[in-house]
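This report concerns only the one structure given below.
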Amino acid sequence: MRLRSAGIAFIALGLACAGCISNSSSGPEITQYDFGPAPLREPVPGLQRALLIYDVNAPAWLDSPFIYYRLAFQDAARPQAYADSRWVGSPGELIAGRVRGRLAASGKGGIIRPADGNRASHALRIELDEFIQVFDAPGSSKAVVRLRASVLGKNTLIAQRSFSVERPAATPDAEGGVRALIAASDEAVDQLVVWTIASVKE
């Protein structure tokens with residue numbers, strides 16, 4: 001009876017462990033976010049020339065769907081990623097989509113992608129330097145978005161400018177960070193679009 005009981009207990013333990021492995025391998029459910037519909041904006045002076053818009057460049061750690069945060073009060077030099085939340089694409093892809101959409105709707109000049117194979121007299125390059133939720137205290141955070149943009153002519157740098165926007169997060173979690181990052185990105189894109197159109201006209 002003792003051996004039999006021990007055997008049953010061993011089998012039960014094995015099944016329990018198998019269940020643990022199965023549950024852990026499935027992992028947490030991932031929540032995905034995009035920027036949502038483009039916000040309504042007042043019309044801006046139109047883009048009158050064709051403009052080549054390159055893909056947004058970003059540091060290797062930002063070139064992924066991970067949603068990053070930084071505990072500035074504890075270790076400001078260590079970006080960390082939420083385990084169960086993701087963007088649907090990289091931040092650079094999402095920002096590039098916003099920029100192209102705004103500029104395409106602004107005038108008759110039209111936009112060109114690198115894959116189109118067409119040429120344009122002007123081009124726009126964007127570098128994404130920062131895109132992160134920063135916690136200044138355990139219950140207080142903000143979104144930080146920093147871009148650098150360059151308008152190029154034929155073998156010439158026409159204009160260059162940096163854009164930096166911060167927005168407080170309503171809640172100290174991934175959801176709050178996402179909403180604040182979207183708002184900060186949209187404001188940065190608004191500034192960039194107005195500046196780009198003015199630079200191309202010069």
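Before moving on, here are some points about what is shown:
- Failed item, numbered, when Phe135 is tested on (1) within 20 Å of the chain's Cα centre (by Cα); (2) loosely packed, with under 14 Cβ neighbours inside 10 Å; (3) in contact (Cβ under 8 Å) with a residue 12 or more places away in the chain: (2)
- Filter result for Trp61 (over 22 Å from Leu192 (Cβ atoms) and either within 12 Å of the chain's Cα centre (by Cα) or β-branched (Val, Ile, Thr) (or both)): yes
- Which listed residue, of Arg179, Arg148, Arg167, is farther than 14 Å from Pro91 by Cβ, in contact with an Asp or Glu (Cβ under 7 Å, 6 or more places away or on another chain) and surrounded by 15 or more Cβ atoms within 10 Å (Cβ to Cβ): Arg148
- Ser121 surrounded by 14 or more Cβ atoms within 10 Å (Cβ to Cβ) and more than 22 Å from the chain's Cα centre (by Cα): no
Residue-by-condition table, conditions (1) out of contact with any His (no Cβ under 6 Å at 6 or more places or on another chain); (2) modelled with pLDDT of 95 or more; (3) within 22 Å of Val151 (Cβ to Cβ):
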| residue | (1), (2), (3) |
| --- | --- |
| Tyr69 | yes, yes, no |
| Asp75 | yes, no, no |
| Pro79 | yes, yes, no |
| Val88 | yes, yes, no |
| Gly107 | yes, no, yes |
| Arg113 | yes, no, yes |
| Asn118 | yes, no, yes |
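- Set Arg70, Arg98, Arg125, Arg41: member being basic (Lys, Arg), over 20 Å from Ser162 (Cβ atoms) and out of contact with any Cys (no Cβ under 8 Å at 6 or more places or on another chain): Arg41
- Checking each residue in the range 46-77 for being of a type in the set (Gly, Ala, Ser), over 26 Å from Pro172 (Cβ atoms) and in contact with a Ser or Thr (Cβ under 8 Å, 6 or more places away or on another chain) picks out Gly46, Ala50.
- Residue in the range 170-184 that is outside any helix (DSSP H, G or I) and aliphatic (A, V, I, L, M) present: yes
The values are calculated or read from the model by the stated rules, or taken from the named source; none is laboratory data. What you see is a predicted model; the values in this text were computed from it and never measured. Using ideal geometry, Cβ is built from the backbone for each residue, glycine included, and neighbour counts are taken over all protein chains shown.
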